[in-house]
Amino acid sequence: MTGFKPEILYTDALVFALLFLVLAFAWFAHRHEHLRQPWRRVAASRSGMAAATVLAFYAAVGLLDTLHYRPQLPGEPGKPPVYSVEVLSLLDWITEPLRTRKEKTYSAPFATHLYAKETIELPDGRQVRDYPRLRYGGAHLADPVRDRAADIAARAGKGLLAAALLWLAVAGLITARVARRRGAGLGDSWRALWRGETVVQWNAVLVTLAVILALAGPLAALCTHYHVLGTDKVGQDVFYLSLKSIRTGLVIGTLTTLVMLPFALLLGIMAGYFRGWVDDVIQYVYTTLSSIPGVLLIAAAVLMVHVYIETRPELFPTITQRQDMRLLFLCLILGITSWTGLCRLLRGEALKMRELEFIQAAHAFGVPHLRIITRHIVPNVMHIVLIAMVLDFSVLVLAEAVLSYIGVGVDPTMISFGTMINAARLEMAREPMVWWSLASAFVFMFLLVLAANLFADAVRDAFDPRLRVRGGEGAALAGGAA
């Protein structure tokens with residue numbers, strides 16, 4: 001990459017803003033004990049830390065795909081540099097062999113020949129029906145039938161060895177950190193780590209990391225010489241498409257929640273705190289919005305955005321900018337249509353809290369309403385907000401897949417789990433059946449949603465005061481019986 005021009009899309013800016021807010025909240029929570037305590041309970045959950053490790057892998061891939069640039073084109077000396085209209089990301093640069101090495105059409109995972117027979121002309125002029133060799137997959141093999149299995153085993157072994165060395169390095173760093181915090185030796189800290197005696201369940205992190213690296217190491221070693229998950233109809237590598245789909249799912253799940261939160265938090269607390277006509281108006285708004293079928297509302301809004309983009313091509317000079325604008329509007333539409341559930345929860349909680357003694361005492365002392373809301377009500381409902389945000393993430397990732405499957409989701413030219421599933425549905429009806437595109441999208445999306453749900457369970461158990469009280473009462477009863 002000789003030269004490049006950074007390109008910041010709308011969703012990139014929002015992702016960076018969200019990352020800054022998360023880091024600022026982490027720093028703020030680290031300085032306050034009452035905010036650190038619930039996150040310590042999350043760190044003490046083995047399933048929560050295992051899920052957080054998987055989510056960290058997805059987030060790393062998504063952030064690499066968020067750093068966009070436009071490569072410099074070859075130009076004449078002495079003239080200003082000219083940049084390509086194609087917008088790439090850092091992930092595209094890292095996975096350039098997967099992106100650029102396209103086959104003619106379908107090929108199965110680790111295949112060396114196309115998936116369908118074609119008419120091949122032999123050197124002597126005769127024509128036969130056979131499976132043609134791939135241009136890139138296994139092209140380095142002189143005899144694929146004889147050498148493929150041994151070559152795959154050798155390369156997978158090297159990738160596994162590199163993954164093992166990387167895991168040992170990470171495990172050594174974590175053990176050194178635990179030893180420094182405990183003031184003990186490396187051996188004692190290593191044993192304490194695996195017995196689960198540390199504040200953070202590092203044993204769950206290391207086990208999950210070992211599984212991830214055991215899969216990622218061989219895949220990284222093999223993907224430059226084989227199509228490890230096959231190719232699609234136009235010859236694109238399915239493994240590359242699956243990695244590119246991660247950013248779309250993360251953007252839908254995070255930015256939609258960011259759009260939804262102000263509506264739900266502001267209107268829900270106002271309805272429960274002020275009651276009266278304010279409550280009636282807000283209830284009327286979200287009841288009316290809930291009565292409209294969400295898919296129809298989303299479809300109408302997406303079609304309007306599509307018409308707006310098509311009629312103003314000068315505003316979107318590249319295909320990536322058009323895709324990004326439609327993705328941004330899809331996040332806005334999903335956020336506007338999905339805030340009603342959290343709003344109802346916050347309204348009920350605010351109705352209950354406004355009758356508590358400390359709120360009544362604040363009223364008696366003449367404290368302004370805005371100060372009561374910001375100092376007393378909002379901090380006491382943030383556990384509900386946080387739990388709802390984490391729980392809604394997986395729902396929104398699945399919503400993108402469903403909406404793209406029926407044609408009202410992201411731009412059809414944009415890579416996402418939904419567009420992969422939509423393209424794979426016709427492939428399942430052909431003979432022989434092409435199954436790997438659907439399977440890859442399903443596995444990557446399933447792991448993302450499963451990790452999000454497990455992490456959401458850990459967050460709910462740590463932040464929900466009712467669960468903590470119930471757990472404390474159960475522990476007290478058990479201790480009394482003993």
Working carefully through the options 145, 128, 82, find the one that is touching a Gly at 6+ places or on another chain (Cβ under 9 Å) and more than 27 Å from residue 243 (Cβ to Cβ).
82
Conditions first: (1) outside any strand (DSSP E or B); (2) at pLDDT below 90; (3) over 20 Å from residue 237 (Cβ atoms). Residue 105 passes all but one, so which condition is the exception?
(3)
Matching entry among 448, 398 (being open to solvent by less than 70 Å² (accessible area, probe 1.4 Å), within 30 Å of residue 306 (Cβ to Cβ) and in contact with a helix residue (DSSP H, G or I) (Cβ under 7 Å, 6 or more places away or on another chain))
448
Consider residue 166 carefully, then state whether it is on the phi < 0 side of the Ramachandran plot, part of a helix (DSSP H, G or I) and in contact (Cβ under 8 Å) with a residue 12 or more places away in the chain.
yes
Filter result for residue 178 (in contact (Cβ under 8 Å) with a residue 40 or more places away in the chain, of a type in the set (A, V, I, L, M) and open to solvent by less than 40 Å² (accessible area, probe 1.4 Å))
no
Among the residues of region 404-418, write down those that are open to solvent by 10 Å² or more (accessible area, probe 1.4 Å) and in contact (Cβ under 8 Å) with a residue 60 or more places away in the chain.
406, 408, 411, 413, 414, 415
Against the condition part of a strand (DSSP E or B) and either within 20 Å of residue 415 (Cβ to Cβ) or at pLDDT 90 or above (or both), how does residue 71 come out, does it pass?
yes
Looking only at region 33-75, how many residues end up being polar (S, T, N, Q) and farther than 25 Å from residue 6 by Cα?
4
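Residue-by-condition table, conditions (1) surrounded by fewer than 16 Cβ atoms within 10 Å (Cβ to Cβ); (2) under 30 Å from residue 196 (Cβ atoms); (3) touching a Leu at 6+ places or on another chain (Cβ under 6 Å):
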residue	(1), (2), (3)
30	yes, yes, no
36	yes, yes, no
40	yes, yes, no
45	no, yes, no
55	no, yes, no
87	no, no, no
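Would a scan of region 77-84 turn up a residue that is touching a residue at least 40 places away in the same chain (Cβ under 8 Å), of a type in the set (Phe, Trp, Tyr) and assigned to a loop (DSSP other than H, G, I, E, B)?
For region 77-84, residues touching a residue at least 40 places away in the same chain (Cβ under 8 Å), of a type in the set (Phe, Trp, Tyr) and assigned to a loop (DSSP other than H, G, I, E, B): absent.
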Given the criteria surrounded by fewer than 21 Cβ atoms within 10 Å (Cβ to Cβ) and at pLDDT 85 or above, does residue 426 qualify?
no
If we keep just the residues of region 232-257 that are outside any helix (DSSP H, G or I) and among the charged types (D, E, K, R), which is surrounded by the most Cβ atoms within 10 Å (Cβ to Cβ)?
237
Hits in region 61-79 - residues which are open to solvent by less than 50 Å² (accessible area, probe 1.4 Å) and not charged (D, E, K, R):
61, 62, 66, 68, 69, 71
If you go through region 16-26 one residue at a time, do you hit one that is surrounded by 15 or more Cβ atoms within 10 Å (Cβ to Cβ) and without any contact (Cβ under 8 Å) to a residue 40 or more places away in the chain?
no
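For every residue, the table says whether it meets (1) surrounded by fewer than 12 Cβ atoms within 10 Å (Cβ to Cβ); (2) outside any loop (DSSP other than H, G, I, E, B).
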position: 98; (1), (2): no, yes
position: 109; (1), (2): no, no
position: 129; (1), (2): yes, yes
position: 148; (1), (2): no, yes
Can you find, within region 197-210, the residue that is most open to solvent (accessible area, probe 1.4 Å) among those that are modelled with pLDDT under 85 and farther than 12 Å from residue 49 by Cα?
197
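The values are calculated or read from the model by the stated rules, or taken from the named source; none is laboratory data. Being a predicted model, the structure only gives us computed values, none of them experimental. Heads up, the Cβs are rebuilt from the backbone with ideal geometry, glycines too, and the neighbour counts pull from every protein chain shown. Heads up: the accessible areas ignore ligands, DNA and RNA and are worked out on the full protein's heavy atoms, side chains in. Shrake-Rupley method; radii C 1.70, N 1.55, O 1.52, S 1.80 Å.
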